Amino acid sequence: MTRFPAPSLVNELRGGFNRQGLFVHSNTTLQSFLSSIGFDDSDIAAYAAVVGQSELSTHGHMAVNFSNSFTTFTNGNRSTDRPENENLITVGDTLSWTLGKHNLKMGADLVRNQAVDGFAVNRGNVRGLATYAVPKVCANDPVPCNGSKVDTFADFILGLAPTSAGYVNQPRPPMDVYNWEQGYFFQDDWKITPRLTLNLGLRYELVTPFIEKNDLMANFDPNFVNPTTGQLGRFVIPSTRTLKYLDPRIIAFGVVTAGQSGLDVGRGVVRTDKNNVAPRVGLAFRLSNKSVVRGGYGFYYPTSAAQGIRDPIATNPFNQPVTKQNLGTPLQPWPGFAHGFSPLSGGDIKVAGSTPSVNVVPFGLQQPRIQQYNATYERELGLKTSLRLSYIGSTMSGLIGGQDLNELKPNDIPFGTTMGDGTTICDPTNGDCVPSDADNARYRFPALGDFVVSYGNFGHTRTNSFQTQLEHHYASGLMFSVAYTYLDQKSTGLDTGNSSLGGIVYNPFLPDHDYSQEAFVPHHRVVAYGIYELPVGQGKRFGSGMSKWADAIIGGWQTTFNMFAKTGTGFTPHWICDDCNPVEPGNIAVSSVDAVGDFNAEPSFRPVVTGNYKQHVGDQIFDPNAFGPPPIGSDLFDNPSVAKRNLLIGPGTWGVNLGVHKSFRIGERVTATLGADFDNVFNHPLLSPDQSDSGGAGGAPFALLGDFNVQVDQATGKLLPIAEADISRNPDFGRLFQSFSQEGVDSRRSVRLRLRITF
């Protein structure tokens with residue numbers, strides 16, 4: 001709605017509402033799945049007695065793990081049973097006032113976000129997990145297993161009891177959350193002289209924490225000291241309504257409501273960041289009738305998932321895992337000849353080494369700060385052609401990253417190398433390694449153990465970009481634009497597209513050690529596009545006198561093109577450890593270590609560079625033999641030979657699209673458009689891997705050197721150096737065997753014919 005209170009005043013009021021209801025799920029419910037594999041009603045009832053009756057009606061199935069001997073039969077992903085409902089309300093008002101040489105604008109924008117999201121519902125093994133780690137039948141009699149003595153799959157297909165069973169105590173319902181985003185602004189476009197204009201602006205933003213309708217959130221206060229017991233840390237929850245869904249181990253650790261905590265937090269269990277004042281200034285100076293200089297500086301605050309409520313404080317405190325083992329009461333086999341039990345029935349709850357995982361969001365976490373600045377020179381060259389030269393820079397501070405508060409600084413003292421008694425040496429291959437009481441005492445939070453990940457504003461980025469663009473405005477049937485960019489962007493941030501707070505830094509004791517070129521950024525990039533009307537047909541240079549029918553067929557055709565060319569991007573070489581936890585290289589005592597920081601490969605480690613990796617070996621563009629396993633001692637992170645972040649630079653690539661089309665008028669009211677688009681017209685393979693999970697980040701093949709196992713000296717309990725026999729190298733490391741769609745160009749040549757009729 002627009003009103004004019006006075007000739008020089010304009011007020012514009014805007015509002016909107018958007019509602020989306022979506023439910024993403026797998027094809028079958030847990031009960032239907034169990035029934036389909038032969039469970040009768042008594043078996044299903046026994047299964048539900050462990051995982052909970054309510055889980056039978058959820059979509060998805062159980063999981064079976066074969067301890068790296070065979071591919072895990074997973075229980076699906078976070079979208080196995082996931083409502084995704086969103087309600088968005090926006091209101092904005094802007095007042096414009098022309099006052100002499102000043103054009104003033106002021107106003108406000110209000111947004112209410114509300115969502116029901118089942119992201120947290122599927123966390124953990126809510127529908128059950130059976131793990132086969134220590135084989136029985138093959139170990140005792142290798143004949144039925146074709147000589148194998150480690151075939152965990154044989155135990156499964158024979159219906160034997162698993163080694164362990166996993167589930168959760170109290171599955172949580174979907175989170176139902178809302179928050180407010182507010183922005184208030186003032187802007188003055190001041191035309192100082194006919195040639196000089198100054199833009200001044202100020203914006204204030206306020207983003208409130210999300211509130212959960214049923215108070216299903218839990219944060220952790222790592223700095224609290226219990227005055228009675230001296231224990232460090234406590235959990236902070238919105239209200240007592242949260243207690244029903246918290247794991248008993250968390251309640252026993254110590255819980256306080258937000259109102260009782262004295263931390264000045266509300267139901268969102270983090271404080272509202274109230275410091276987001278954003279000044280902005282810009283100018284434009286006309287040097288002549290054909291050239292102008294522009295520049296500007298601005299302060300910005302990205303909305304970082306509203307302090308990342310999903311993983312940190314609405315997910316990890318809930319659906320805590322419980323593990324049962326054959327500690328005295330045996331786990332049951334699969335039903336078949338007998339009924340009334342399930343592979344999750346029986347067993348004893350594992351206590352040693354079974355601790356809750358925790359996320360920590362600092363109560364005063366702030367939104368990242370972004371400062372952007374630029375300078376541009378533009379000149380009209382004549383013949384409808386212009387040139388632009390620009391410098392664009394930015395400085396980012398307070399970028400959010402994670403670190404495990406229970407991670408030990410790399411050392412040479414063994415951790416978790418016994419069967420839990422501190423004396424009997426374990427074998428990581430058998431999965432019998434358990435932290436002892438003395439091991440747990442080394443943690444900052446002994447009762448929490450592995451994975452106490454806290455997020456903080458400790459990342460920073462610096463960007464310098466130089467751009468030039470030559471543009472020909474549409475004239476005489478021709479329009480084109482060619483732009484070149486040189487970009488240098490270094491950061492201690494994480495190369496991850498995670499939508500909440502980001503991943504985990506590799507070296508939490510020295511985060512700045514990772515200051516290097518961003519993985520997603522090519523140094524050089526050229527982009528061009530254009531339109532050209534063929535000079536054939538009536539009124540054109542060629543065939544101007546042709547007949548109407550001839551013109552309808554061969555006249556008036558238009559061609560289009562777009563293309564790109566860019567240099568390669570960075571990748572971090574890494575190994576994945578198969579049998580780590582609790583035994584880890586460097587004796588760091590946690591399995592959250594992530595060489596890339598994208599939550600896709602944990603625990604993973606960076607290799608030692610032992611030779612010249614910048615040479616081809618067969619069809620591998622990097623020499624895999626130039627990388628050794630990671631260090632195992634106190635130099636795990638700071639060994640000077642350890643590979644740096646984004647050490648590998650992938651190949652550059654280019655691609656071209658072409659299009660041909662023509663419009664036909666049929667009478668006065670009907671227009672038909674006929675055309676063809678040739679994507680990747682030269683069928684040039686785009687071999688530069690992308691940064692998605694399938695192309696090079698995390699556990700993907702291009703940068704993955706392979707897997708390794710850790711071994712413990714059975715005499716001393718110390719970690720042994722990782723030998724070649726303990727390594728399984730990835731044959732696809734550094735191989736360019738896949739073409740990726742990029743920059744609007746398809747991965748291979750494709751042709752699309754199109755016909756459109758408008759009337």
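Things worth noting here:
- Of the residues making up segment 490-497, at least one is outside any loop (DSSP other than H, G, I, E, B) and farther than 18 Å from A703 by Cα.
- Breaking point among (1) assigned to a strand (DSSP E or B); (2) open to solvent by 30 Å² or more (accessible area, probe 1.4 Å); (3) farther than 30 Å from V642 by Cβ; (4) not small (G, A, S), for H472: (2)
- Among the residues of segment 145-180, those identified as in contact with a helix residue (DSSP H, G or I) (Cβ under 8 Å, 6 or more places away or on another chain) and within 30 Å of N275 (Cβ to Cβ) are M175, V177, N179.
- Scanning segment 169-198 for residues being open to solvent by 30 Å² or more (accessible area, probe 1.4 Å) and either part of a strand (DSSP E or B) or aromatic (F, W, Y) (or both) gives a total of 17.
- When residues in segment 635-657 are screened for being on the phi < 0 side of the Ramachandran plot, assigned to a loop (DSSP other than H, G, I, E, B) and of a type in the set (S, T, N, Q), 2 of them pass.
- Only one of S397, S342, S390 that is of a type outside the set (F, W, Y) and within 30 Å of S288 (Cα to Cα): S390
- Given (1) in a loop (DSSP other than H, G, I, E, B); (2) in contact with a Gly (Cβ under 7 Å, 6 or more places away or on another chain), index of the condition G296 fails: (1)
- Criterion violated by N625 - all others in (1) farther than 30 Å from L719 by Cα; (2) modelled with pLDDT of 90 or more; (3) outside any loop (DSSP other than H, G, I, E, B); (4) among the polar types (S, T, N, Q) satisfied: (1)
- Count of segment 365-381 residues which are closer than 30 Å to E471 by Cα and open to solvent by 30 Å² or more (accessible area, probe 1.4 Å): 10
- Candidates are the residues of segment 207-231 that are surrounded by fewer than 16 Cβ atoms within 10 Å (Cβ to Cβ) and touching a residue at least 24 places away in the same chain (Cβ under 8 Å); the one that is farthest from R112 (Cα to Cα) is Q231.
- Just one of (1) open to solvent by less than 40 Å² (accessible area, probe 1.4 Å); (2) closer than 30 Å to S604 by Cα; (3) in a strand (DSSP E or B) fails for N457. It is (1).
- A Cβ distance below 6 Å, combined with a sequence gap of six or more or placement on separate chains, defines the contacts here; from segment 536-557, residues that are modelled with pLDDT of 75 or more reach residues that are open to solvent by less than 70 Å² (accessible area, probe 1.4 Å) and among the charged types (D, E, K, R) in the pairs G537/D551; Q538/D551; G556/K662; W557/K662.
- Members of segment 69-83 that are open to solvent by 50 Å² or more (accessible area, probe 1.4 Å), in contact (Cβ under 8 Å) with a residue 40 or more places away in the chain and under 20 Å from G124 (Cβ atoms): N77, R78
- Contacts under 9 angstrom Cβ, first residue in segment 424-453 being within 30 Å of V225 (Cβ to Cβ), partner in a strand (DSSP E or B) and of a type in the set (S, T, N, Q), 6 or more apart: V434/T418; P435/T418; S436/T418; D439/T418; F451/N359; V452/N359; V453/N359; V453/Q403
- Every residue from segment 199-213 that is among the charged types (D, E, K, R) and assigned to a strand (DSSP E or B): R203, E205, E212
- Residue match in segment 596-610 (condition: of a type in the set (G, A, S), surrounded by 24 or more Cβ atoms within 10 Å (Cβ to Cβ) and in contact with a Ser or Thr (Cβ under 8 Å, 6 or more places away or on another chain)): yes
- Qualifying residues in segment 646-669 (those that are open to solvent by 40 Å² or more (accessible area, probe 1.4 Å) and more than 30 Å from L736 (Cβ to Cβ)) - the one modelled with the lowest pLDDT: G667
- Criterion: touching a residue at least 24 places away in the same chain (Cβ under 8 Å) and out of contact with any strand residue (DSSP E or B) (no Cβ under 9 Å at 6 or more places or on another chain) - qualifying residue of Q31, Q53: Q31
- When F733 is tested against (1) under 27 Å from the mean Cα position of the chain (by Cα); (2) modelled with pLDDT under 90, exactly one condition is not met: (2).
- Scope segment 347-364; condition open to solvent by 20 Å² or more (accessible area, probe 1.4 Å), outside any loop (DSSP other than H, G, I, E, B) and not β-branched (V, I, T); matching residues: D348
- Among the residues listed as D412, D427, D421, D404, the single one being surrounded by fewer than 17 Cβ atoms within 10 Å (Cβ to Cβ), modelled with pLDDT of 90 or more and over 30 Å from P333 (Cβ atoms): D412
- Candidate set: segment 1-44, residues that are buried (at least 16 other Cβ atoms within 10 Å of the Cβ) and hydrophobic (A, V, I, L, M, F, W, C); chosen: the one nearest to G124 (Cα to Cα): L30
- The single residue among Y515, Y486 that is under 21 Å from W654 (Cβ atoms) and modelled with pLDDT of 90 or more turns out to be Y486.
- Restricting segment 298-346 to residues that are at pLDDT 90 or above and buried (at least 22 other Cβ atoms within 10 Å of the Cβ), the residue that is nearest to I37 (Cα to Cα): P335
- Of everything in segment 629-645 that is under 26 Å from the mean Cα position of the chain (by Cα) and not β-branched (V, I, T), the residue that is surrounded by the fewest Cβ atoms within 10 Å (Cβ to Cβ) is K644.
- Being charged (D, E, K, R) and crowded, with 18+ Cβ neighbours inside 10 Å is a property that holds for D450.
- Tabulated pairs, segment 263-285, first within 30 Å of R379 (Cα to Cα), second in a loop (DSSP other than H, G, I, E, B) and open to solvent by 80 Å² or more (accessible area, probe 1.4 Å), C-beta under 8 angstrom, 6+ apart or interchain: F285/R195
- In segment 159-168 there is at least one residue that is surrounded by fewer than 15 Cβ atoms within 10 Å (Cβ to Cβ), at pLDDT 85 or above and under 29 Å from D432 (Cβ atoms).
- Candidates R388, R379, R442, filtered to the one that is touching a Leu at 6+ places or on another chain (Cβ under 7 Å) and either closer than 30 Å to S481 by Cα or hydroxyl-bearing (S, T, Y) (or both): R379
The values are calculated or read from the model by the stated rules, or taken from the named source; none is laboratory data. Since the model is a prediction, treat every value here as computed from it, not as a measurement. So basically every Cβ, Gly included, is an ideal-geometry build from the backbone, and we count neighbours across all protein chains shown. For the accessible areas, the whole protein counts, side chains as well, though only heavy atoms, and no ligand, DNA or RNA atoms are used. Shrake-Rupley method; radii C 1.70, N 1.55, O 1.52, S 1.80 Å.
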